[in-house]
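Novice: Could you have a look at this structure, given as structure tokens, before my questions?
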There are 2 protein chains.
Amino acid sequence: MDKRTAILDAAERRARQGGYHGFSFRDVASDVGIKSASVHYHFPTKEDLGEALAERYIKNILAALGEADQLEPVAAFDRMADLFLKSHEIDDLMCLCGVFGAEAAILPDAVRIPVDRFFRELIAWLASSFGDVKEAELAVATLEGGLIISRAGKQGDFLRNLVKNWRSRYV
Amino acid sequence: MDKRTAILDAAERRARQGGYHGFSFRDVASDVGIKSASVHYHFPTKEDLGEALAERYIKNILAALGEADQLEPVAAFDRMADLFLKSHEIDDLMCLCGVFGAEAAILPDAVRIPVDRFFRELIAWLASSFGDVKEAELAVATLEGGLIISRAGKQGDFLRNLVKNWRSRYV
DNA sequence: TTTATTCAACCTATCGATAGGTAGGCATAT
DNA sequence: ATATGCCTACCTATCGATAGGTTGAATAAA
């Protein structure tokens, strides 16, 4: 596989576990099977790597969501919720922009700004199906917060129940 | 002021900006005006410090909330929401357990377990007023997620609007 | 067709800075 | 005199980052 992609994959996994300061060039290099200097070849600084991670993550999530304006509100919510549930229950990883967002105060702007955009895009996507921005904001916040709470309690069906409750009440 | 308390204050502030791996003994020592060795005197390991931070944070938040079972649902939600809003708009800090929760995968269990308890306590507190656990879970998740989203977009009234929307719809 | 050149993609080795952590000294207060 | 609280001084490990060398494949020149 393309080494640059392998680096991004490994870095994303590490970052989604420990955040921006929770992984190192050496961690990533070791995962990929190369030296840290070779990671610097592809991403000169950590800021570069973080920015690339955030940009790719946005692209992947939006691609996984597809088009929203044809979907019924329930279907749109389910599709987004499934991404969060998969992240939690299958990959056992945080949302990249969720961790980064929590560390926003010490994040380089080049990384923070894409993270900010991520949430705007999620909300816009959901709003285009809901026809209601405020409802979309509440949904995204709930999913992001629910993911964190669920992960704090190591083994957890918290998020799954939360999603179920949301569906049964508000959509 | 008591140095131990000053250490906890400085460490909490740093941790709520950058997470568990986003601050160092030297950072904290420098903030307090002592040497890092003196921080180790009070908290031998970082795990000890992190655990103390989480425990104190829980205690402080619960104290600020007071008793819930006498409160109307709207008043209870407002009181909790105000804590999140103050954290964001006045102190410009994350919720400690929010950042820590996002990093749960690389957090020592001695730190993660209190963080987990924090969310259970918040939910129980709100549920004792709501008379409904599921509604309380949704509210806490929304506040935590909303805080993150609001902080990612540096200058932000996102959380304030989110809280307003919640109140006008669901309480 | 062979030779020379360039380039991407790694490597080894190292930098200064900083991480968490420790040992032992020196006051002050009990 | 004993314990407390802080200090200087230091340790090992690792951080992000850089310098300079090696490789092999593509490209251009002979």
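Taken together, the values in this text are just the output of simple stated rules run on the coordinates, not laboratory data. Predicted, not measured: the structure shown is a model, and the values here were computed from it. For neighbour counting, all protein chains shown are included, and Cβ atoms are generated from backbone atoms with ideal geometry for every residue, glycine included.
Novice: Share of Cα-Cα pairs in chain B beyond 24 Å, in percent?
Specialist: Value for chain B: 38 percent of Cα pairs lie more than 24 Å apart.
Novice: Something else now. Would you mind checking the tilt of helix A:46-65 against the longest principal axis of the Cα atoms of chain A, expressed as 0 to 90 degrees and rounded to 10?
Specialist: Long axis of A:46-65 versus the principal axis of chain A: about 30 degrees.
Novice: Once you order the gyration tensor axes a ≥ b ≥ c over the Cα atoms, which shape class does the protein assembly as shown get: rounded for a/c under 1.5, otherwise prolate or oblate by comparing a/b with b/c?
Specialist: The shape class here is oblate.
Novice: Next up: Please find, in a Gaussian network model of chain B (springs between Cα atoms separated by less than 10 Å), the residue of B:Lys35, B:Lys86, B:Lys154 whose mean-square fluctuation is greatest.
Specialist: Per the Cα network of chain B with a 10 Å cutoff, B:Lys154 tops the list.
Novice: Would you mind giving the mean number of other chain beta-carbons within 10 Å of the Cβ of each residue in A:117-127, as a whole number?
Specialist: Averaged over the peptide's residues, the number is 2.
Novice: Below 8 Å, C-alpha to C-alpha, sequence gap of six or more: please give me the relative contact order for segment A:51-170 in percent.
Specialist: Relative contact order comes out at 30 percent.
Novice: Pairs to check: A:Lys35/B:Lys46; A:Lys134/B:Lys59; A:Lys154/B:Lys134; A:Lys3/A:Lys154; B:Lys86/B:Lys154. Give those whose C-alpha atoms are more than 27 Å from each other in this structure.
Specialist: Long pairs (Cα-Cα over 27 Å): A:Lys35/B:Lys46; A:Lys134/B:Lys59; A:Lys3/A:Lys154.
Novice: Quick one: putting +1 on the C-beta of Lys and Arg, -1 on the C-beta of Asp and Glu, what dipole do you get for the protein assembly as shown around its Cα centre, in Debye to the nearest 20?
Specialist: Rounded to the nearest 20 debye, it is 560 debye.
Novice: Count, for each residue of A:131-141, the Cβ atoms from other chains sitting within 10 Å of its Cβ, then give me the mean as a whole number.
Specialist: Averaged over the peptide's residues, the number is 5.
Novice: Please get the size of the charge dipole for chain B, origin at its Cα centre, with Cβ charges of +1 on Lys and Arg and -1 on Asp and Glu, quoted in debye to the nearest 20.
Specialist: 440 debye
Novice: Additional query: Tally Lys and Arg at +1 and Asp and Glu at -1 over the other residues with C-beta under 11 Å from the C-beta of B:Asp109: what net charge comes out?
Specialist: Once all neighbours under 11 Å are counted, the net charge is -1.
Novice: State the Cα centre-to-centre distance between segment A:88-118 and segment A:119-133 in whole Å.
Specialist: Between the Cα centre of segment A:88-118 and that of segment A:119-133, the gap is 19 Å.
Novice: Between segment A:15-44 and segment B:138-171, what is the separation of their alpha carbon centroids in Å?
Specialist: Segment A:15-44 and segment B:138-171 have Cα centres separated by 34 Å.
Novice: Shifting gears a bit: If each DSSP helix of 4+ residues adds -39,500 (n - 2.57) and the sum is divided by the residues in chain A, what number results at 222 nm, nearest 500 deg cm²/dmol?
Specialist: -24000 deg cm²/dmol
Novice: For chain B, find the longest principal axis of its Cα atoms and tell me its angle to the long axis of helix B:109-130, 0 to 90°, nearest 10.
Specialist: The angle comes out near 20 degrees.
Novice: Working from Cα positions, state the angle (0 to 90°, nearest 10) between the long axis of helix B:73-85 and the longest principal axis of chain B.
Specialist: Helix B:73-85 sits roughly 30 degrees off the main axis of chain B.
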